[in-house]
Each structure stands twice: as C-alpha cells, then as structure tokens.
1. What is the helix-to-structure angle for 418-428, meaning the angle in degrees between its Cα long axis and the longest Cα principal axis of the chain, kept from 0 to 90 and rounded to the nearest 10?
2. To make sure I understand, if each residue's beta carbon is the centre and we count other beta carbons within 10 Å, what order do 113, 55 fall in, fewest to most?
3. Average projected area of the Cα convex hull of the chain, in nm²?
4. Counting other beta carbons within 10 Å of each residue's own, what order do 48, 78 fall into, fewest first?
5. First measure r as the distance between the Cβ atoms of residue 155 and residue 111, then evaluate 1/(1 + (r/R0)^6) with R0 = 35 Å and state the FRET efficiency to the nearest 0.05.
6. By how many degrees, 0 to 90 and rounded to 10, does the Cα axis of helix 370-389 deviate from the longest principal axis of the chain?
7. In whole angstrom, how long is each semi-axis of the equivalent ellipsoid of region 38-188, when you take the square root of 5 times every eigenvalue of its Cα gyration tensor and sort them from largest down?
8. Relative to the longest principal Cα axis of the chain, at what angle does helix 343-353 sit, 0 to 90 degrees, rounded to 10?
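FYI, it's all coordinate maths here, none of it is from the lab. None of these values were measured; they are calculated from a predicted model. Here Cβ is always computed from backbone atoms with ideal geometry, including for glycine, and neighbour counts include all displayed protein chains.
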Ligand code: FES
Ligand SMILES: [Fe+2]
C-alpha cells in the first residue's frame, strides 16, 4: 500500500471511505442533551462530514437527520419545530423524529404522497446526558458502547465539549503520546517543585521513559515504566486507545480513575472532543509540593460564544488567529515551558498547529511514538478488514469489551510482568456504586 493511500484510509471519515465506514459501525456521542429543547430551535450538527440537524419534538424525543429537506433540499435548520415534528418552511412538509413525512399541505389531498417520502433520518438516543447517533445501516443497529464512564447516571458524571480544528487522528494522538507531558505541560518544573512521593516526581526526574505497547481487545494499551525511587518497585503509567476514537489517559490514580475522552470526527479537519469523568474519582489533579495544581491545570476552558454555524459549537477563544495566546515572556522567565496557559489549550495548540489534516509522510517517528504507530496500524487494519471482508471492528457487537479498559498510575513490585500488573490493578479497581448496582 502506498503512503498516500494509508493516509487517506486512516484520516478521511466521509461516507464511502474505509475509516468513514468503520466509524459508521459505532454509536457516536454527538451533543449534550441540553443543546436541544422540546419544540426549540433545531441544532446544526456536523458529523463524519455530513450536515445534519438535531431537534427535540413536543414529546421530548430527539431526531437527527440530513439537514436537506427531501422535497427540494431547503435546509431543515430553518424549519418550524412544532407538534411532534419538524416542518420545512419552504412548502410546509413535515417530518417526525423517525424521518416519516407526516404532513404534505402544499399538495392537493388526492395527490398526497407523504407515505412515499422520508427524510434521511438516523437512529438517535440519549444516555448519560448525551445525544448518541448511529449513522450506519439503520436496519441493523448495534448496542451502545460499554465505555464505563458512559454507563453512569448523568448526575455522577462531569462532561465537557471542546471543538478542535484538526483531524481526529492527530487530536487523539496527543492522549496516547506520553513523552510530551514532561515537556509541553511540565517542562518548566524541576523535581524541587513536586513531592517525592507524588505522581509528577518520576515524570520530571526521567523525561525519556521506556514503555511497553500491546494490542488489547478494545484497541491498544501502553504501560510506561520508570524506577519508583525504592528498590524493587516500578512506577507505572497505563493508558488506552479504544475503538473508534476513545482514549483514557494516565493522569490519575489508577484504582478510581473512571474517565474517558472521545474524539468524534465532525469532518476531516474538525473534531469534537468530549471529556467525561466520574465525579466520585480522586480529583486532586497533579499538585505541586505546596499543594497547588501545576501551572494551568485548573484554568477553566475560555470558550467563545456558541453560534449556529456548522462549526459554531464549543470553540475556544484562543486559536490559531491569536497564536493560542502564547506568552513569550512567560516562556523566558517563568515556569511555563510553552508559554500557553491551560493544559487543554496547550494540547489544542500543538495539534492544531500541525494543520487541519496532517499526513504522516513528513514525520520521523521515534521510540517514544510506538503507541501512536501501533494505534495507527490497528485502526488501518480494522478499517481495511471491514471493507474487504465485512469483519466488524472491536466493540460493535461486543460492547462490554470496553469495560476491561482502565488507565492511571500506580507503583508495584518490579518482578511482576507488566500485563499481570495491569490485570491485577483492573481486578482491584474501584467501580462506581451505580455501576455495580446495575451489574
Ligand atoms: S423544500 Fe422542503 S417542503 Fe419543499
Ligand atoms: Fe497533553
């Protein structure tokens, strides 16, 4: 296969592309339930390169459909959301959440053919405060994914959305790229700034760690290892990629670190990041020796106001047009290695700075990029296998595989094999009470 072909097959998400078809096998978290109100304005939704509208009908049900009216393609975004349906304002045809045409008032009754017309509607549902959409075969809909944090009740989870102006692959690779943490985020700190028994000490002491990588039932997993400062003890940091776009990062105490991050492709050059974590987990973050968080850790996301544009939701104030607010003076004098405030914004800046869609032929991957290389191969193989043989990718029909994925840091006996160490931690991990009750 040529490099150009590999790039296209892994990065492009439109209908008919290998990755686009793989994505369409999964339920996609697309919006907050609170973004659409009963009989309220339709929401423009860009998903996998398709322009959709979402709306909530008078009975509270959510509909998601192609924004083009099936009559003559006027946008249903302009529609009137009334009496359990969305009415196109051009000629008054009206559609219910399933896409059925329920009224055709511009056609004489004896010529009415509403039973033969359907809007292009996708299956939509709600769970956990999110609207989920399934864009694959509408006659053969799989179960929702078993990603642990998405199974918790809405009140137990903190969720936020942030749009990123780049391809989903380069965006999510920031989460499985462990060696950048010691530079981009804490490059200005020394071991004097952090407690010797704290989670950051080892990251700062050794900024070039080694690690193991493996394929796992849900995607890929890595374990970074360093000496734990005590004889016979190893400091581990585990993280996961889960099909098709979920990640779990290592920045938390393993036993109770219930979180996941989705990188949902809006199109080839825009991604919606959805960050979800269990409120019951240890939220102390990564404190310095004096108890304060590392620089930028607690700054809230500075959002630009949402607009109704296709790309108008959940953007940040800082972006390429203002150099993500880079402060050269802080780089020179302070503890801020990269000069950009806020950890999320730091990641946003470096991945957006690569360009809307970065192909892989200009890169020089190093030993620290093993997880990225393996994840790309796993995605590519799965997308091609599905196209060529119809083999379904992980988690589509077996959503419980995601429940085996956990991440975070811990210290354990160096004699234990890394896979065994991981399994032992997962077996002993804390499960939220609401999840245990459902089992
Ligand atoms: S274009 Fe929608 S009713 Fe005519
Ligand atoms: Fe990062």
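1. Roughly 70 degrees, rounded to the nearest 10.
2. Details: 113 9, 55 27.
Lowest to highest Cβ neighbour count: 113, 55.
3. 23.0
4. By the 10 Å Cβ count, ascending, the order reads 78, 48.
5. 0.10
6. 30
7. Each semi-axis is √(5λ); the values are 38, 17, 14 Å.
8. 70
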